[in-house]
Amino acid sequence: MRHTNSTSTIVRVLLVAFPLAGAMASALAQGTALERGRYLVTTILACGNCHTPKDGEGRAIAGKELAGGGVGFDIPPYAGFAANITPDRETGIGAWSDAEIKRAITHGERPERGPLAGKPLGAPMAANFFKAILPGDLDAIVVYLRSLPPVRNALPVPVYRAPVQREAFAVADRGFTDADMQDKARRGAYLATIGHCLECHTPLDKGVVLLDTALGAGGRPFLPSFVKGLPESWKGSVSRNLTAHPERGLGAWSDAEIKRAITQGVGRDGRRMQEPMPYAWYAGLRDDDLDAIVAYLRTLPPQAR
């Protein structure tokens with residue numbers, strides 16, 4: 001009888017322990033996802049660079065993280081501001097399902113409801129690059145966005161003057177695997193892709209980004225006439241060449257100089273670099289991720305543009 005009571009006690013303890021262990025594991029996984037999502041959104045993705053409202057000096061407005069309207073665009077096919085991506089149910093994405101949020105990020109598509117049903121997200125949303133985000137990272141991004149305080153911030157309805165077009169990016173189309181993250185240059189390629197670095201640092205020809213023929217060659221202009229919401233003192237900028245060209249690109253730069261440019265916005269000659277490069281967000285990148293990005297940039301074939 002004593003043996004039976006002991007066995008019964010052990011069974012009762014296990015019945016209680018297993019659910020507790022499951023709940024603890026779930027909470028740990030959720031916490032890990034939250035931290036990963038926060039890291040991605042606030043560093044390499046630099047979502048706040050466009051989606052967080054700023055004051056006249058370009059400083060993020062406290063309490064309005066990712067509430068939309070930080071940067072707007074007025075380009076021939078499209079005019080509008082970056083959306084509110086807080087969990088507000090009326091003006092943000094609080095009523096969207098996880099699948100709908102993921103579809104918006106990786107395909108640039110809105111849910112099939114509401115006044116903008118069927119309309120794609122604006123062309124500046126780099127879904128053609130974000131499609132490369134690994135499933136686990138995409139889950140983590142959604143977890144983080146769900147964790148934000150909802151902010152009510154209604155924005156003007158975007159204007160569509162022509163169909164939204166996003167050029168295919170072969171690197172993103174091929175995608176990445178978890179195993180790729182163990183190789184420095186491949187992880188750098190992943191980070192630079194989801195950070196859509198080459199979206200801005202590749203020249204245009206008649207409105208088409210030359211991803212197939214001039215990848216990373218720079219020379220793309222950003223002007224106050226079509227980029228809205230940057231500091232009032234901003235006069236425009238031109239993206240620089242990121243390829244390994246020794247004169248036009250980064251071929252003669254040291255790793256430290258490249259990392260300083262990314263995280264501090266300081267060029268090789270010590271001069272301040274210009275927006276819309278999100279230096280303040282990239283400053284939070286871990287050293288190993290910065291090393292990986294530099295390793296990838298070293299692989300870009302020289303372009304003399």
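No lab work stands behind these numbers, since they all come straight from the coordinates. Treat the numbers as computed from the prediction; the structure is a model and nothing was measured. Cβ placement follows ideal geometry from the backbone for every residue including glycine, while neighbour counts extend to all protein chains displayed.
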Of Leu191, Ile262, Leu210, which is farthest towards the positive pole of the range 29-297's charge dipole, taken about the Cα centre with +1 and -1 on the beta-carbons of Lys, Arg and Asp, Glu respectively? Leu210
For the range 91-104, take each phi angle, set θ = phi - 60°, evaluate the Karplus expression 6.51 cos²θ - 1.76 cosθ + 1.60, and give the result in whole Hz per residue in order, putting x for glycine and proline. 10, x, 10, x, 8, 7, 6, 4, 4, 5, 5, 4, 5, 5
Rounded to the nearest Å, the spacing of the alpha-carbon centers of the range 39-62 and the range 89-148 is 18
Under 30 Å between C-alpha atoms is the cut-off here; go through the chain and count lysine pairs that meet it, provided they're at least eight residues apart or on different chains. 29
Ordered by fewest other Cβ atoms within 10 Å, a rough proxy for footprinting exposure, Tyr39, Tyr296 read Tyr39, Tyr296
Measuring from its Cα centre, the range 105-233 shows a charge dipole (+1 at each Lys and Arg Cβ, -1 at each Asp and Glu Cβ) which, in debye to the nearest 20, is 400
With θ taken as phi - 60° and the coefficients 6.51, -1.76 and 1.60, list the Karplus ³J(HN,Hα) couplings across the range 129-143 in order, rounded to whole Hz; mark glycine and proline as x. 9, 5, 4, 7, 4, 4, x, x, 5, 5, 4, 5, 4, 5, 4
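Please identify the chymotrypsin sites (Phe, Trp or Tyr not before Pro) of the range 232-291 that satisfy two criteria: DSSP loop assignment and at most 13 other Cβ atoms within 10 Å. Which are they?
Numbers: sites: Trp234, Trp253, Tyr279, Trp281, Tyr282; in loops: Trp234, Trp253.
Taking the range 232-291 and a limit of 13 other Cβ atoms within 10 Å, no loop chymotrypsin sites (Phe, Trp or Tyr not before Pro) are found.
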Dipole magnitude of the chain about its Cα centre, charges +1 at Lys/Arg Cβ and -1 at Asp/Glu Cβ only, in debye to the nearest 20? 240
Between Gly219 and residues 5 or more places away or on another chain, the pairs with built amide H atoms under 5 Å apart involve Ser239, Arg240, Asn241
What does the C-alpha gyration tensor say about the overall shape of the range 29-297? Classify as rounded when a/c is under 1.5, otherwise prolate if a/b is larger than b/c, or oblate. rounded
Rounded to the nearest 10 degrees, the helix 287-297 long axis (Cα) sits at an angle to the longest Cα principal axis of the chain of 40
Label point distance in nm, Ala95-Ala154, each placed 7 Å from Cα along Cα→Cβ: 1.3
Per residue convex hull volume, Cα only, the range 95-234, in Å³ is 162
